[in-house]
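In what follows, a structure is listed as structure tokens, so that the remarks can point back to it.
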Amino acid sequence: MRFLSLLFRNRLAAMGAVVLSLIVLLVLLIPVLPLQDPDVTNTADRFLPPLSEGHLLGTDHLGRDLLARLLYGTRLSLAVGLFAALIAGTIGSAVGIVAGYFGGRIDNVIMRGIDMLMAFPYILLALAIVAALGPGLLNALIAVAAVNIPFFARNIRGITVGLAGREFIDAARLSGMGHGRIILTELLPNVLSTIVIAMSTTVGWMILETAGLSFLGLGSQPPQADLGSMLGEARSSMITNPHTSIVPGIMIFLIVMSINLLGDGVRDALDPRLRSGALARPQARTMVRRKAPLPADDGKGLLNIQRLETQFHVGKRVYRAVNDVSLHVNAGECLGVIGESGSGKSVTALSVMGLVASPPGVITGGAVRYEGEDLLAAPYESLRKKRGEKVAYIFQDPLSTLHPLYRVGDQLAEAIQVHHRVSDAEARAKAIELFRSVRIPNPESRIRNYPHEMSGGMRQRVGIAMALANDPDVIIADEPTTALDVTVQAQILSLLDDLRRERGLAIVFITHDFGVVAQLCDRVAVMYGGRIVEQGTTTDILDRPAHPYTKRLMACVPELGGGKRELAAIPGLPPIVSDLPPGCAFAPRCHKATPACREGEIALDGGDARAVRCIHPEEEIA
Ligand code: ADP
Ligand code: MG
């Protein structure tokens, strides 16, 4: 259903589908239509023009009814083209999957065979096959299918090779599945959409090729009509009686055109990447559509996020991922942003530099000021220059942000050269220096490593080195240590802390771990359901949490050496941001909630030093 609605949103594809269905319908109705016998000759009625008595489309050089021949011929051409595509698709895909899955020598032998087929010019090969087998429609079909096998085999092999090395195939092997089963149940479903796409875009071609062979007299044999042979027979009278060639010509055009339009539509609708993004690519920066007037510049901090509102518009749903969030950070300061998964931390961070994917992301309110300048209104070029140069990011998983095929040193050098005109040698020297500053041992040899040759901790150091490459003033670290084990985590944290002291960096540190906050941060903001529910200095928040959410979040952290105690998990789940309840988003999970908590807006009470969004705080704040 979703597939069909996507397909028909594409007007051209819908048009192709309509035209093709009409043609197919006509052809299927042949037995009940009052048609004349397509093969009966009547030399008295040669070359009657269209709209003659008894012959709607006229007659050909032997006096045969053109309408009947056209419909019979169309049926034959469609059937042959479709059948050839099915054969070529099935054999080609099977060959491709086997070659890609087994790899090694089998792959080599099969693919060299395919290469040999491809070495011949396409149409010559088809001609040679028909010449060897003898003319006839069936042989033309075999020839057309054969020359198209390499296309499918190459295509599908490429995809299979990529899939065969993935973990889910290993898992299937470990579970004891045989090769046949793995191919049928694990690989085939993953390549099926590609096969369908390839087929739908080549059927038109194959119909043309069969028609071409018939045109040359190698396909259907007289008196049998197909579109190609009709054209071939009409060739000698093209000038004197053009309708005999125009009629099959228009039909070929309509069929191939509609199949190709439909095929393109099918490809778009089946492609998962295009499907999720609603057939659009993300823009270079997040869309900004602010309704309320800009908050005035209050001059706080080096980076100042004021009343930020970021939403995702998916169809009719609106996900309010970030709601009225204000944060600022000064040079040399570390601000912690903490909250459960899904509370809007990453979206807040990405909004700063316009990195939230649009569509579906939209910034609907607030301002992001860097040294007073509103980045959301800044021209794209100015924003691009600041990315990496003034404000840099460190992400959770460096394996997914580093390019797998380039050496880490080259990637680091590239990051430098995007913003500075320096020679390769200088960039390399700078890369080594950066590696040293993030305490990677043997930087001279390490820069020649590929990302997969490094451990998680080393890769995260590369990520930090990359963020430092252009001496930024602000670093936004989005759960940089979540994927690391505790000892490496401690090293990375102390590294960030040193860098902050040495370089006067401002750090926004996003995490879900209070232990990390305690080690590194000066101030903390606690987020829940896209809002800040509490903020204050780290000591205040850790010693006297005011919001019930903060308190219970901390109760979830096990304490070493604190003796045995029951760990209090928070019951329930974080809210879904497309459907936030009125009032406090935490109320449904809160043991202190009263009816008042569930109605109206609850303000963030207090100042920058200490504030809480709760009407029954655990602690009175000054
Ligand atoms: P976290 O605090 O774990 O970093 P995020 O900032 O990544 O959370 O996500 C905040 C909310 O935004 C989540 O509830 C998530 O469901 C929603 N969200 C994120 N990306 C999208 C998207 N592309 N479409 C719809 N909702 C999204
Ligand atoms: Mg996140």
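With K and R counted +1 and D and E -1, the other residues having a Cβ less than 13 Å from that of Ile363 yield a net charge of +3. Magnitude of the charge dipole for the stretch 531-622, about its Cα centre and with charges confined to Cβ atoms of Lys, Arg (+1) and Asp, Glu (-1), is about 320 debye.
When only alpha carbons of the stretch 539-622 are considered, Rg and Dmax amount to 14.2, 43 Å. Summary of the geometry: the stretch 124-154 and the stretch 305-332, compared by the centres of their Cα atoms, lie 60 Å apart. Backbone geometry of the stretch 380-397 corresponds, through the Karplus equation with coefficients 6.51, -1.76 and 1.60 at θ = phi - 60°, to 3J(HN,Hα) couplings of 4, 4, 5, 5, 4, 4, 6, 5, x, 8, 10, 10, 10, 10, 10, 9, 5, 10 Hz, x marking Gly and Pro. How high is the FRET efficiency between Ala425 and Leu405 when r is their beta carbon distance and R₀ equals 25 Å, given to the nearest 0.05? It comes to 0.65.
Modelled this way, with points 7 Å down the Cα-to-C-beta line, the labels at Phe83 and Glu619 are 8.3 nm from one another.
Compute the length gained on full extension between Thr487 and Met15: take 0.36 nm times their separation in residues and subtract their Cα-Cα distance, giving the result in nm to one decimal. Write down the numbers at each step before the final one.
On the way: separation 472, 0.36 × 472 = 169.92 nm, distance 6.21 nm.
Taking Thr487 through Met15 to full extension adds about 163.7 nm, to one decimal.
Exposure proxy shown here: for Cys334, Cys590, the number of other Cβ atoms within 10 Å sets the order, fewest to most, as Cys590, Cys334.
Ordering Gly515, Gly361, Phe8 by the projection of their Cα atoms onto the charge dipole of the chain, which places +1 on the Cβ of Lys and Arg and -1 on the Cβ of Asp and Glu, puts Phe8 at the extreme positive end. I need the shape label for the stretch 287-349. Rule: rounded when a/c is under 1.5, else prolate if a/b > b/c, else oblate, with a, b, c from the alpha carbon gyration tensor. It is oblate, given that a/c is not under 1.5 and a/b is not larger than b/c. Volume per residue for the stretch 327-473 equals 141 cubic angstrom (convex hull of Cα atoms).
What is the fewest-to-most order of His419, His328, His547 by other Cβ atoms lying within 10 Å of their Cβ?
Lowest count first: His419, His328, His547.
A crude spin-label estimate for the pair Arg2 and Lys316, with each label 7 Å from Cα along the Cβ direction, gives 1.8 nm. Within straight-line reach of Lys300, meaning a Cα separation under 20 Å, sit the following aspartates and glutamates at least 8 residues removed in sequence or on another chain: Glu309, Asp324, Glu333, Glu371, Glu373, Asp374, Asp473, Asp522, Glu534, Asp605, Asp608.
Rounding to the nearest 10 and keeping the result within 0 to 90°, find how far the Cα-based axis of helix 137-164 lies from the longest principal axis of the chain. Its long axis makes an angle of about 10 degrees. Taking the three principal axes of the alpha carbon atoms in the stretch 168-253, the coordinate ranges are 72, 22, 14 Å, sorted in descending order. Taking other C-beta atoms within 10 Å as the exposure proxy, Phe435, Phe215 rank Phe215, Phe435 from fewest upward. Residues in the stretch 500-515 carry Karplus couplings, in order, of 4, 5, 5, 9, x, 5, 9, 10, 9, 10, 9, 7, 10, 10, 5, x Hz; the curve used is 6.51 cos²θ - 1.76 cosθ + 1.60 with θ = phi - 60°, and Gly or Pro positions show x.
Evaluated at q = 0.18, 0.23, 0.25, 0.27 Å⁻¹, the base-10 log of the normalised Debye intensity for the stretch 502-570, with identical point scatterers placed on the Cα atoms, takes the values -0.74, -1.11, -1.26, -1.40. Calculated translational diffusion coefficient of the stretch 21-123 (10 °C, 1.306 mPa s; Stokes-Einstein with Kirkwood radius over alpha-carbon pairs) equals 92 µm²/s. Remark: the stretch 126-186 projects, on average over all directions, an area of 5.5 nm² (convex hull of Cα atoms). Farthest toward the positive end of the dipole of the stretch 13-72, out of Phe47, Val19, Ala68, is the Cα of Val19, where the dipole comes from beta carbon charges about the Cα centre. For Ile394, the residues 5 or more places off, or on other chains, whose built amide H falls under 5 Å of its own are Ile476, Ala477, Asp478. For the chain, the longest principal axis of the Cα atoms and the long axis of helix 188-215 meet at an angle of about 30 degrees. Residues whose amide H falls under 5 Å from that of Asp605, counting only those 5 or more places apart or on a different chain, are Val612, Arg613, Cys614, with hydrogens built in the peptide plane. With viscosity 0.692 mPa s and temperature 37 °C, the Kirkwood radius over alpha carbon pairs of the stretch 64-109 converts through Stokes-Einstein to a diffusion coefficient of 252 µm²/s. Overall, the chain carries a charge dipole of about 220 debye about its Cα centre when +1 sits on the Cβ of Lys and Arg and -1 on the Cβ of Asp and Glu, all other atoms neutral. Across the chain, Cα-Cα distances exceeding 42 Å account for 48% of all pairs.
Residue-wise HN-Hα couplings along the stretch 30-37, as the Karplus relation 6.51 cos²θ - 1.76 cosθ + 1.60 with θ = phi - 60° gives them from phi, are 3, x, 9, 6, x, 9, 7, 5 Hz; Gly and Pro carry x.
Rounded to the nearest 500, the helix-only mean residue ellipticity at 222 nm of the chain stands at -15500 deg cm²/dmol, with each DSSP H run of n ≥ 4 adding -39,500 (n - 2.57). Each of Ser494, Thr539, Leu213 was placed along the dipole of the chain (beta-carbon charges, centred on the mean Cα), and the one lying farthest toward the positive end is Leu213. Restricting attention to the chain, close to 60% of DSSP beta bridges with both partner residues there are antiparallel. Taking the Cα centre of the stretch 4-89 as origin and assigning +1 to Lys and Arg Cβ atoms and -1 to Asp and Glu Cβ atoms, the resulting dipole is close to 480 debye.
Every number here is computed from the coordinates shown, using simple stated rules; none is lab data. Everything quoted here is computed from the prediction, not taken from an experiment. Every residue, glycine as well, gets a Cβ built from its backbone with ideal geometry; the counts of neighbours run over all protein chains shown.
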